[in-house]
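This report refers to the structure that appears directly beneath it.
The values are calculated or read from the model by the stated rules, or taken from the named source; none is laboratory data. Remember, it's a predicted structure, so these values are computed and weren't measured experimentally. No Cβ is skipped: glycine too gets one built from the backbone with ideal geometry, and neighbour counts run over all protein chains shown.
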Amino acid sequence: MPAIRILDDEVVAKIRAGEVIDRPAAVAKELIENALDAGSRLIAVQTASSPERSIRIQDDGHGMSREDALLSVRRHATSKLERAEDLAAMRTLGFRGEALASIAEVSRLALSTRSADDLSGSQIEVLGGTVISVSGIGRAVGTTVAVEDLFFNTPARLRFLRSRESESRVLSRVVWSYALVTPRVHWRFKVDGREDTDLPATEDLLERWQVFYGRGAVEGAAPFEGAAAGIRLRGILGPPEMARASREHQVFAVNGRVFSSPTIGAALRQGYGNLIPGDRHPVALILIEIDPAQVDVNVHPTKREVRFRDESALFQATRRAVEQAMKRYVPVALGVGGEGAAPEEGAPTRGPGAAPGLPGSAGTLAPSQLLWDGIAAARTLYAPPEEGTGSDTAREVEVGDVRESLAEPEIPIWQLHDRYLLAPIRGGLVIVDQHAAHERILYEEARIHLFGEAGVSQSLLFPRVLEVSAQELDTLLMLEPHARRIGYDISIFGDRQVAIRGVPASLPEDIAIEALKRLLCGDDGHADVDASEPPEERIAKTYACHAAVRSGQALDPEERRALFDRLFATSLPHGDPHGRPTYVRVAMEELDRRFGRR
Ligand code: ADP
Ligand code: MG
């Protein structure tokens, strides 16, 4: 028997599908590129929180006839390329005609479409590469592709996926890269049926950029343009202080195709020179227009990288354009009358080399100093509960008892009517009010972040966009630096729109956003919040009140335990920020007395 065998078609098809479609983000990329090739003005992306379970992309492009729709899911079926010569002048993002077929091969795919010439649309369902149904459907002109259960028939590939968070993140990066590159397209995103993110079309690249990077950054962001050797460049360069630890926020596109390029990355970095430390990467959007004959996009299975005929011309053109744009950051009188030495190689951006008066410049306090003062300030400022529940020493003994009992990992914590948590402790029973307790925890955390170390922010997959009133906008301007310390990442764009890009990592997304909305509309939740209090105080209280778990919410055993641990680790566990008790201790003696044992 010969050692070499010809693989059967089914195996070959799966291997090839895997070259193009290796993870959910690849599905999104291919479907988005198809939607853009179809001339869409509106693209709506919807995914499940585990994106391999469901990705749905709807467009208002030119759509397909039924015949074309059936062809589109077959391999090497494309409307974009006829002859090999055409490859040299490809203007479309797709041309190989294998994406839809590859996706269909490894998923359940439903495609519905209607072209302008047809009065009704068609719907096709494909299961693991086999068309299982074709039917008529009423719909608007355009195409919707829904991909479910990706890799259901290739378990090895399914096992290779990373966590749903990281797959979602990679996918969202594909989507927002294209959203950045195509400001004239109206985009909508939705994850798991949550609130829509809606990015209306705009002529202005900078306006689209604001959604992702904020207006605060816009004063410093530099739109730039350049042209050399048949290469046209334009884009937005983030200010030096916006530089990040990773290259994630560098988006490059050539003739509308998002791609990655070490050449452009290096030119960009060099263009920033020593305005940023050696280990940081600028935030940038660079759009390149070039004669398609000068690029070969057919070198990579997913076209993620492309080859330029004259790579060094591209490098020079990019570096020069970036350098030119960076001139605005170079201080006019570097070193004149200064304290001496020029900034060392790799010195922080905020050194003497940075331009004066840039927005967002931090104070001069060293971070550790700031942290120390902050914590000390926070400690002395914590409001003691108004109503005493015993003398200070008695309280300390009580808290000591609870902490000691909590050292026991196995103590049961019961929940009563979704409102109180009960736990046996040494010498009795402790009853915690879940809402008040959580308020105390969040209040102290907020204070620590407001005065000391900033809170950790969890960035959202897509920015959540809110419309705000003029008054809310005012509040936001006042609030923003404080909210940022707690972990919110907010940017204002357009007339009255706010994009929330990150929320405090310790809270569920929806709750964090709700709390922010309450802060904006000035609903402090309690009459006792006094307008004469410093803003930090009001913010900490309002945030704590709205972000805390409600009474009436069921908590699972881990959540109960976490609430106990965190409450009794606070500096003043016995009262919420409004002075109401957070817990009540019932002593054994008290119970014994009531049962007539004593
Ligand atoms: P390619 O994009 O390389 O041509 P695909 O497999 O991605 O290959 O798509 C096959 C064909 O299906 C395309 O050439 C196009 O004619 C058609 N098609 C795919 N998606 C869409 C869409 N969203 N709108 C209109 N036509 C589409
Ligand atoms: Mg395609």
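So the values come out like this:
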item: Residue count, segment 14-53 (criterion: within 15 Å of ligand 2 (Cβ to nearest atom) and over 19 Å from His300 (Cβ atoms)); result: 5
item: Test: Thr113 is within 16 Å of ligand 1 (Cβ to nearest atom), in a strand (DSSP E or B) and out of contact with any helix residue (DSSP H, G or I) (no Cβ under 7 Å at 6 or more places or on another chain); result: no
item: Every residue from segment 421-435 that is in contact (Cβ under 8 Å) with a residue 40 or more places away in the chain, assigned to a strand (DSSP E or B) and either surrounded by fewer than 18 Cβ atoms within 10 Å (Cβ to Cβ) or not acidic (Asp, Glu) (or both); result: Leu421, Ala423, Ile425, Gly428, Leu429, Val430, Ile431, Val432
item: Test: residue in segment 115-127 that is within 14 Å of ligand 2 (Cβ to nearest atom), crowded, with 18+ Cβ neighbours inside 10 Å, closer than 22 Å to Gly39 by Cα and of a type outside the set (Lys, Arg); result: no
item: Restricting segment 404-413 to residues that are closer than 13 Å to Ala562 by Cα and surrounded by 12 or more Cβ atoms within 10 Å (Cβ to Cβ), the residue that is modelled with the highest pLDDT; result: Ile413
item: Lone qualifier among Leu71, Leu100, Leu36 - being among the aliphatic types (A, V, I, L, M), more than 8 Å from ligand 1 (Cβ to nearest atom) and part of a helix (DSSP H, G or I); result: Leu36
item: Residue ranges of strands (runs of 3 or more DSSP E) in segment 226-286 with at least 1 members surrounded by 19 or more Cβ atoms within 10 Å (Cβ to Cβ) and of a type in the set (Gly, Ala, Ser); result: 231-237, 250-254
item: Residue in segment 64-79 that is in contact with a His (Cβ under 9 Å, 6 or more places away or on another chain), more than 16 Å from ligand 2 (Cβ to nearest atom) and in contact (Cβ under 8 Å) with a residue 40 or more places away in the chain present; result: no
item: Test: residue in segment 46-54 that is within 12 Å of ligand 1 (Cβ to nearest atom), within 21 Å of Ile124 (Cα to Cα), of a type in the set (Asp, Glu) and at pLDDT 95 or above; result: no
item: Odd one out for Glu85 among (1) within 13 Å of ligand 1 (Cβ to nearest atom); (2) out of contact with any helix residue (DSSP H, G or I) (no Cβ under 6 Å at 6 or more places or on another chain); (3) over 20 Å from Val174 (Cα atoms); (4) not in a loop (DSSP other than H, G, I, E, B); result: (1)
item: Close pairs (6 angstrom Cβ cut-off, 6 or more residues apart or separate chains): within 18 Å of Arg304 (Cβ to Cβ) and touching a residue at least 60 places away in the same chain (Cβ under 8 Å) in segment 28-57, part of a strand (DSSP E or B) and more than 8 Å from ligand 1 (Cβ to nearest atom) anywhere; result: Ala28/Ile55
item: Options Glu30, Glu105, Glu52, Glu85: the member that is acidic (Asp, Glu) and farther than 20 Å from Leu158 by Cβ; result: Glu85
item: Among residues of segment 1-33, those that are within 14 Å of ligand 1 (Cβ to nearest atom) and either surrounded by fewer than 20 Cβ atoms within 10 Å (Cβ to Cβ) or over 37 Å from the mean Cα position of the chain (by Cα) (or both), counted; result: 3
